[in-house]
Structure formats: structure tokens, C-alpha cells
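In what follows, a structure is listed as C-alpha cells, so that the remarks can point back to it.
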Amino acid sequence: MTDDQWFKSAVVYQVYPRSFQDSDGDGIGDVPGVISRLDYLQQLGIDVLWLSPIYTSPQDDNGYDISDYQDIDPVFGTLADVDELVAQAHTRGIRIVMDLVVNHTSDEHAWFVDARSGPESAKRDWYWWRPPRDGMEAGAPGAEPTNWGSAFSGPAWTLDEASGEYYLHLFSRKQPDLNWENAAVREAVYAMMRRWLERGVDGFRMDVINFISKDPALPDYPVSPSRAPYAEPGQVSCGPRIHEFLQEMHRAVFAGRDALLTVGEMPGVTIEEARLFTDPERAEVDMVFQFEHVDIDHGDGKWDVRPLQLTALKASFGRWQAGLAERGWNSLYWNNHDQPRVVSRFGDDGEHRVHSAKMLGTVLHLHRGTPYVYEGEELGMTNAPFAAIEDFRDIESLNHYAAAIAAGQDQDHVLGALRTMGRDNARTPMQWDGSAHAGFTTGTPWIAVNPNHAEINVEAARADPDSVLHHYRRLIELRHTEPVVAHGDFEMRMADDEHVYAFVRRLGDVALFVLGNFTGAEAAAGEAAEWADAELLLGNYDAPQDHGTLRPWETRVYRRDG
Ligand code: GLC
């Protein structure tokens, strides 16, 4: 293995700075807060820390709307704080990965302010401006240049009254899309990225990066029922120049630099595309975030929540494992700042919370790929008991609620979907201890702390050798110490079983057999009896009497050598 493949045995931890640790009592987490928790992360054993955006931002989408790429938002600290974070992390052997949000800027970014000043602006073409649809009046219903919907409800175009033209925003109207067809845009972005690398950061998580290339003809797409009369914005992804742009970025920014990590967030990406994006010989990105497994319980859109079908989940993971086995590389995740908490989603956040959180972590981390741990996942943090719409903060949830209620949907039904799938579930503050605001802040938190922090918190988990936290520590250690975890091949077992997840990993003479019971009842453990004489490397119960039966939410990792 060459050194530039170091990330295959690495584990990444994601911090959502707004919710991790507040240091100054304003109720919002910040960079000094992250620095103060680096020892915790070092003890957990992670290799890389990815920070969601901390750049200057009006915070319309919690920092995914950037108004200055070169500076830090005062709410999060200063550039000096970031330098300190990088230095302190490096001392602990932790690399820092920044979020890179360059599909769009904030509408308050100087580039857009200039572009909006009028059609003569030198920056006008840095964004997507279009007249109304042929034969229609600007502002008339349906006059938008295309039928594209915004990911945050409504149309993806907003009319600029002054010029009578519309600008494109696949996300909120405060997040105008950059025009990557314009070479000056690309050069400005690459220069900005180089400056961050020169500052000492170790790579980028690239936000919705497969959206940067759009079909320049801007065609209408089929209307998706959940967004009618609009088309799902994801259809715009992976335009004709996407590989060209990423290869150009690689040459301009990453070539000749070692030991970086690049991961492209790519909604809707297929396995075939992902193989191209992550084939090292093509020099694009190290890995992508795909969405198939986290869209698996969506019906007609994310708010149409369906029960998990385990066979479908296994089929999806199995396809990705096979598809990227020879070329390319997987990322592995259950959680991030956009997803509900996995223990509430695919596990049991009540009686079997601890068993099911450990089982989910084990199954994920034992796959082939680089695992990502989202803050609090290592504690088995759960979804939050949001009582009313006033408890939510996320623009996606608030806009959906307004649109759904205006369309006459039942309020309880809409709130139920927000409680299950809403992104705020991931964004409640990190639970450090059992005190008033969980040790997150001395002030009033920007979003309520989950009341279950009284039991679920770092302090309690540290003291309990059977905690989810210690289990995650062991999982991370296993990836570092067992080459088969990082480099072994993957073979799905029991593909047709609705209850049990099972697979084998192999490298040379070493084989692992991994089992996870996805139910709260006992389940038949397939071929596990044949592994009874093998070493039980990891589990979430005492050693079994009966190897052929799994207890509720039980996981086991058997290891055989030779
Ligand atoms: C990505 C981010 C999400 C954000 C969106 C727009 O999906 O993960 O949080 O809202 O892009 O930047």
C-alpha cells in the first residue's frame, strides 16, 4: 500500500461546530470549544476530524451559505483559533479536514453582491442568470427559466426585480449557485483551496460537489410528485463536465501534496460514477458520500417515511462493496448533520439502545471503506423529542412545514415526519455530562439539549466499561490493528434474511465473520455454529452458550487465522 492510501485504515470524526462545545457562553459551539475537546477525540482514537463550515456566513443554512471563504465567522472564533486547532490536532496525530461549499455561495458573498448589481457586472456570469421562460412575464406563476425545485422547497429560481432576470439556487434563495462553466470561478475556488492547504489543513469534504456541473442547456426534468410542480434538484447532478472539473481541481490544488483526504458528497451518485470518481488513476477524489443506504426508508421523498427492509439495505451495501472492490474506495456512514440518529432510525432507542447502537456501529465499521463517526454517535445519541414546530431550527424543516401546511397537509402528520427525518435530530448539542445544558454551554443553547442527556453523556459513558463509547473505541482500534478490516475483501452472507446482517471479510489466511441482529427478538445466526471454535474478537453480550442463536440486537465478530 502506498502512503497516499493511508485513509484506508483511518476513521474520520465529524464535528458540527455549532453543536459540539461552546466556550464563550453564547449558546453556540465554537472553535476554542473544539480545541478543548481534542483530548477526548484522541482517546477515542480517530485519525481525522472533519469540521462542518465555520467560515463567515449569514447562517441561513448554518454555515453552508458562505459569504467569505477566507475568514472565520465571529460566532465560531478567529483565524488564529483555527491555526491553533490545526496545530493542537496535529500534535495529537489528528488531521483536520474542512468543509468546502463551492456549488453555491451566500447571496451576501462579495461575488454575488457584485453579480446582482446588474447585467453589466464583471461577476454577472459567475452565477446562473436567465430571463423568464419564453413568452412569459417575469414573476408570473411558472415563469421560472426551468422547472427545477429547490432542495429546501419551492422553485430553484428567484427573480431579481431590478434586472427582470432569475438566478439559480438549488438550495435556499440565499445560496445562489456558482457558474462553474466560467473558468474564472474555477480559478478563484482553486486559489482559495490552496490557501487553506498552505494554512495547514489536510483536505476537504466537498459539499454537493457533483452538482457543480450542470447541463448548460438547462433542460426541464420530469416533475417529482413530492415536489410538484417542480423537479427533484438531484436530477441536475453529475453534469457533462463533472469529471473534467474534478480532475482540473486535482491538478490545480492537490497534485504533489501528500497525505490529504478528499471526499465528495454526491447525492444520487451511482456505483459506476463513484468508481470513476474514486479510481486513484483518474486523480479526482479519494472517496464519495453516496446516499443509497440513507434514502432506503424514503418513499416519495424524504418526508414519506417507510419501514426499513433489511434485505434492501444489505443489497445496497453489497452492491457498493462489490462495485468498488477492484477500483475506487467506499466511505461508510450512518450519520451526519443531515441524517436522523441511526439508533432511532434503524435500531431501538428505548430498551435496547446500547445493544443496538453497538450492533449498528460494528456492522458499519467492519465493512470495507473509511468509516465516519458523527458527534454523539459514539454515545448512542438518539433523535430529539421535538414537541412543536417552534422547537425546530433547520431551514429545510421549517420551509417544508410551511409548504406542506399551505398545501393542506395534516399538521400532526407533517410534524411526525419532521420528528423522524428532520436534520435537527442530528444537531442537538453534544451531551458531555448530566448538568443543565449537558456541559455544552453555560448560556442558552441555540437548539434545546436532548433531555436524555441525564443518562446519555460522555461522563457516564467513560465510567461504564460496557458503554457504546468504549465499543466505538474498540472498533476504531480494530481498524488500526487488524489489516483484514481495512484491506480484506468482502462477501455478503444470508442476503435473503430479513433479520440478520452477516458477512465475511478475508485477507490472506485471516477471516472475519460479522453478524448483526437487526431485531429485538432472538434470531438464527446462520453459519455461526461453524465459527464456534474461532476467536470472538468483539461482541455486545457475554460469550454465547449457543453460537447458532443471536440475542436481541446482538453483534459478533469472529476471527479465524489459517
Ligand atoms: C449538503 C450539506 C447540507 C447543506 C447542503 C447545501 O447536503 O450537507 O447540510 O444544507 O449541502 O449546502
Subject >> Answer residue from the range 116-125, given it is in contact (Cβ under 8 Å) with a residue 40 or more places away in the chain and surrounded by 15 or more Cβ atoms within 10 Å (Cβ to Cβ) and is farthest from residue 160 (Cα to Cα) among those >> reply: 125
Original post:
Out of all the residues in the range 409-422, is one or more at pLDDT 95 or above, under 22 Å from the mean Cα position of the chain (by Cα), in a loop (DSSP other than H, G, I, E, B) and of a type in the set (Val, Ile, Thr)?
Top reply: no
**OP:** Check the range 136-159 and report whether any residue there is assigned to a strand (DSSP E or B), in contact with a strand residue (DSSP E or B) (Cβ under 9 Å, 6 or more places away or on another chain), crowded, with 16+ Cβ neighbours inside 10 Å and acidic (Asp, Glu).
**Re:** no
**OP:** Output the number of residues of the range 314-360 satisfying the condition of being under 27 Å from residue 541 (Cα atoms) and either within 16 Å of the ligand (Cβ to nearest atom) or touching a Pro at 6+ places or on another chain (Cβ under 6 Å) (or both).
**Re:** 7
**OP:** Just give me the residues in the range 221-231 being surrounded by 13 or more Cβ atoms within 10 Å (Cβ to Cβ), in a loop (DSSP other than H, G, I, E, B) and at pLDDT 95 or above, in sequence order.
**Re:** 221, 223, 230
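Yes/no matrix, rows are residues, columns are (1) among the acidic types (Asp, Glu); (2) out of contact with any Lys or Arg (no Cβ under 9 Å at 6 or more places or on another chain); (3) in a helix (DSSP H, G or I); (4) farther than 22 Å from residue 17 by Cα:
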{"position": "351", "(1), (2), (3), (4)": "yes, yes, no, yes"}
{"position": "356", "(1), (2), (3), (4)": "no, yes, yes, yes"}
{"position": "361", "(1), (2), (3), (4)": "no, yes, yes, yes"}
{"position": "364", "(1), (2), (3), (4)": "no, yes, yes, yes"}
{"position": "368", "(1), (2), (3), (4)": "no, no, no, yes"}
**OP:** Considering (1) within 13 Å of the ligand (Cβ to nearest atom); (2) touching a residue at least 60 places away in the same chain (Cβ under 8 Å); (3) on the phi < 0 side of the Ramachandran plot, say which one residue 51 fails and leave the rest.
**Re:** (2)
**OP:** Kindly indicate which of 140, 156 is more than 16 Å from the ligand (Cβ to nearest atom) and small (Gly, Ala, Ser).
**Re:** 140
Subject >> Residue list for the range 225-261, restricted to those being without any contact (Cβ under 8 Å) to a residue 60 or more places away in the chain, among the acidic types (Asp, Glu) and under 30 Å from residue 407 (Cβ atoms) >> reply: none
**OP:** Would you check if residue 424 is acidic (Asp, Glu), in contact with an Asp or Glu (Cβ under 9 Å, 6 or more places away or on another chain), more than 16 Å from the ligand (Cβ to nearest atom) and closer than 25 Å to residue 175 by Cβ?
**Re:** no
Subject >> Qualifying positions in the range 435-464 - more than 22 Å from the chain's Cα centre (by Cα) and more than 22 Å from residue 342 (Cα to Cα) >> reply: 435, 436, 437, 439, 441, 442, 443, 444, 445, 463
Original post:
Is it the case that residue 185 is within 30 Å of residue 255 (Cα to Cα), over 23 Å from the mean Cα position of the chain (by Cα), surrounded by 18 or more Cβ atoms within 10 Å (Cβ to Cβ) and β-branched (Val, Ile, Thr)?
Top reply: yes
**OP:** Name every residue in the range 199-213 that is away from the ligand (no atom under 15 Å from the Cβ) and touching a residue at least 60 places away in the same chain (Cβ under 8 Å), in order of residue number.
**Re:** 199, 200, 201, 202, 203
Original post:
Out of curiosity, is residue 383 assigned to a loop (DSSP other than H, G, I, E, B) and in contact with a Pro (Cβ under 7 Å, 6 or more places away or on another chain)?
Top reply: yes
**OP:** Answer yes or no as to whether residue 539 is small (Gly, Ala, Ser), touching a helix residue (DSSP H, G or I) at 6+ places or on another chain (Cβ under 8 Å), more than 22 Å from residue 12 (Cβ to Cβ) and modelled with pLDDT of 95 or more.
**Re:** no
Subject >> Flag for residue 526 being in contact with a strand residue (DSSP E or B) (Cβ under 9 Å, 6 or more places away or on another chain), of a type outside the set (A, V, I, L, M) and at positive phi >> reply: yes
**OP:** Check off (1) within 16 Å of the ligand (Cβ to nearest atom); (2) part of a helix (DSSP H, G or I); (3) surrounded by fewer than 21 Cβ atoms within 10 Å (Cβ to Cβ); (4) charged (D, E, K, R) for residue 396 and give me the number that stays unchecked.
**Re:** (3)
**OP:** Would you tally the residues in the range 101-134 being closer than 14 Å to residue 67 by Cβ and either assigned to a helix (DSSP H, G or I) or β-branched (Val, Ile, Thr) (or both)?
**Re:** 10
**OP:** Mind counting the residues in the range 303-347 that are outside any loop (DSSP other than H, G, I, E, B), charged (D, E, K, R) and surrounded by fewer than 22 Cβ atoms within 10 Å (Cβ to Cβ)?
**Re:** 3
**OP:** Being in a strand (DSSP E or B) and under 20 Å from residue 186 (Cα atoms) is the filter; apply it to the range 262-292 and report the residue that is farthest from the ligand (Cβ to nearest atom).
**Re:** 262
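Conditions (1) modelled with pLDDT of 95 or more; (2) under 20 Å from residue 69 (Cβ atoms); (3) among the polar types (S, T, N, Q); (4) in contact with a Lys or Arg (Cβ under 9 Å, 6 or more places away or on another chain), marked per residue:
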position	(1), (2), (3), (4)
159	yes, no, no, no
166	yes, no, no, yes
175	yes, yes, yes, no
208	yes, yes, no, no
256	no, no, no, no
Subject >> Filter pass, residue 106 being farther than 19 Å from residue 195 by Cα, within 22 Å of the chain's Cα centre (by Cα) and among the polar types (S, T, N, Q) >> reply: yes
Original post:
Taking into account only those residues within the range 57-72 that are under 24 Å from residue 88 (Cα atoms) and more than 15 Å from the ligand (Cβ to nearest atom), which is surrounded by the fewest Cβ atoms within 10 Å (Cβ to Cβ)?
Top reply: 70
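The values are calculated or read from the model by the stated rules, or taken from the named source; none is laboratory data. Keep in mind it's a predicted model, so treat the numbers as computed, not measured. Cβ atoms come from the backbone with ideal geometry, glycine included; neighbour counts cover every protein chain shown.
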